[in-house]
Amino acid sequence: MFISFEGIDGSGKSTVIRMLAEYLQHSGYKPLLTREPGGCTLGHSLRPILLNARTSGLSCRAELYLFLADRAQHVREVIRPALKAGQIVLCDRYTDSTLAYQGYGRGLNPEHLRRINEMATGGLLPDLTLLLNLPVHCGLTRAVQRNREEGTVLSEGRFDAESQAFHEVVRQGYLALAAEESSRFVIIDAARPAGDVVLQCLSAVENVLRQRGKGLD
Ligand code: TYD
């Protein structure tokens, strides 16, 4: 089973994914945690370039193809083999990040983006996409705080330094994507405390597992 997590910067994805993975592990599953950009060897090298793209003057298109190169390799090297081995893949960002950030955010053509996403992934879509939704000002406050704690203000702070308006467009983009594909997306209220956010995610995961006859104990 393939689950992706989406949301604006600071929506709390990484904390929630970690907590969810622990729970799944206790229930006898073997979750695999991964992320984009940076979930494979190639992505590991690309991540610092991508996170500094704006300050280093990388064009929107160059940035796009680096995200897609990372995705193509990530699907082949990490995601497909894990799915084949029967693992539950928990992926922090996937194709919808490109549609939300490069499409809605940067104004690139959505049809082109869908086509290159499909080329990069061979058409592999998540079984479930959890959209962690919260007001932009809450997300940015969390992201800036996290960067400060991690000392990553310069190297990883580029998106977090973007204007509130950019992130609002991205957030609305995500909500539009969720409305278009309501059978794949579940919208999670990420403004709630972490424990509560995890419970909402668990209930969505349980629903999909139950549909497949593999409910959690
Ligand atoms: P990251 O530090 O992973 O952010 P977060 O912890 O909030 O997920 O940074 C990834 C950044 O890259 C994030 O701002 C979104 C952006 N991004 C895109 O613009 N397009 C993409 O296709 C992907 C995967 C990420």
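The values are calculated or read from the model by the stated rules, or taken from the named source; none is laboratory data. If you're wondering where the values come from, they're calculated on a predicted model, not measured in any experiment. We place every Cβ from the backbone using ideal geometry, glycine too, and count neighbours over all the protein chains shown.
Below, the figures for the structure above:
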{"item": "Residue in the stretch 99-118 that is within 13 Å of the ligand (Cβ to nearest atom), under 23 Å from residue 12 (Cα atoms) and of a type in the set (Val, Ile, Thr) present", "result": "no"}
{"item": "The lone exception for residue 121 - which of (1) on the phi < 0 side of the Ramachandran plot; (2) modelled with pLDDT of 95 or more; (3) surrounded by fewer than 19 Cβ atoms within 10 Å (Cβ to Cβ); (4) not acidic (Asp, Glu) it fails", "result": "(3)"}
{"item": "The one condition in (1) closer than 29 Å to residue 110 by Cα; (2) modelled with pLDDT of 95 or more that residue 200 fails to fulfil", "result": "(1)"}
{"item": "Subset of the stretch 1-48 that is among the basic types (Lys, Arg) and within 13 Å of the ligand (Cβ to nearest atom) - its residue that is farthest from residue 66 (Cα to Cα)", "result": "18"}
